[in-house]
Amino acid sequence: MKENSDICILILTCDRYFPCANLTLMMLKKLWKQHPKIFICGLSGSISEETVIPFTVNEKDWIGIAHQAVSSLLAQGYKYCYLILDDHPPVAQCNEKYLNDVLPTLARKLNATVVSMVGWDQIRVHKGMKLGKDDDYLLRNDPSYRWIFNLHPAYWNIACLIEILEITMPLGISDRSARMFESHASSAETPMPEYLRRGSYRVCGDRYAATGKWFCNSLIRKSILIGLHCVRLVTKMIGREILLKQIDNKAKLYTDYLNGPYPMFWSGLMQNGKVHMNAVRFLRLTGLENFAERAEKLKCS
């Protein structure tokens, strides 16, 4: 990335989840080598060789911390950021050309509020209009989509994100967590300007994944998913509900992998405060044994 870039990466975390954030940082540097400048916010102290943005609100006030962080970025001249929660590292090689150059150009062209890295084609619920080749087959989320401002890794217009945060801040929410931000910011009952909702997009995952690994290959991926669908269909037809649940549980090792320019694992490295073991197994399956070992030993307490 060129030094005068107005794009950065922001990792939001807290002291409790620092071990997870640190692992995410390591994986980012390994799997997105030519990444934009990284900022971290939510920690009470500093980290050697990393840029930590200080905050003054309560450490449990995720919305307040996020607002102070992105306001600081805007004041420094940044206009866009990849917002990444502490337990959502890339789990395979990123498409650096797409993330660094192609998507930023497209986001400006479309005047996007946010572009989620959760591909609409990754067997996840979606609602909206699929765009064409000139717009890299993005999906424009329908304004009524329930999770239009979800917090999976995404490319955000910082000014728009500040506006959304400032709309949600005075709602009298006692729980000011990331989850509550997603829920209230996306809610149809929240008085959100229409242009912010209409500026929400999702990438087309398979088309823009980095090539080279079998699990990233779109043809192999589609073949596996079609095969799984056939197995599920036959199992349903013969009425084996217990077997169907077992198949689904086993299949999550692959179906919870979200292919794309920023490949990730659904729910990240942690679930309900515990290590997400399927994410660990996936890292092992794909040859990232060193990161798998570190993830398995995570303790966030």
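Worth pointing out:
- Classified by the C-alpha gyration tensor, segment 1-85 has an oblate form. Its axis ratio a/c, with a ≥ b ≥ c, is 1.5 or above, and a/b does not exceed b/c.
- Residue-wise HN-Hα coupling along segment 215-223, computed from phi with Karplus coefficients 6.51, -1.76, 1.60 (Hz; x: Gly, Pro): 6, 8, 5, 5, 5, 5, 4, 4, 5
- Between Tyr155, Tyr195, Tyr80, the GNM of the chain built on Cα springs shorter than 10 angstrom shows Tyr195 fluctuating the most.
- Most mobile of Gly199, Gly119, Gly227 in a GNM of the chain (Cα contacts under 10 Å): Gly227
- For the chain, calculated [θ]222 nm from helices alone, where every DSSP H run of n ≥ 4 adds -39500 (n - 2.57): -11500 deg cm²/dmol
- Compared with the direct C-alpha span, the chain from Met129 to Val231 gains 33.7 nm at full extension, assuming 0.36 nm per residue.
- Mean sequence separation of contacting Cα pairs (under 8 Å, at least six apart), scaled by the length of the chain, corresponds to a relative contact order of 22 percent.
- Loop-resident sites, segment 158-239, for GluC sites (Glu not before Pro), counting at most 10 other Cβ within 10 Å (DSSP): Glu189
Laboratory data are not the source of any read-out in this text; all were calculated from the coordinates shown. None of these values were measured; they are calculated from a predicted model. Every residue, glycine among them, receives a Cβ derived from its backbone with ideal geometry; neighbour counts consider all protein chains shown.
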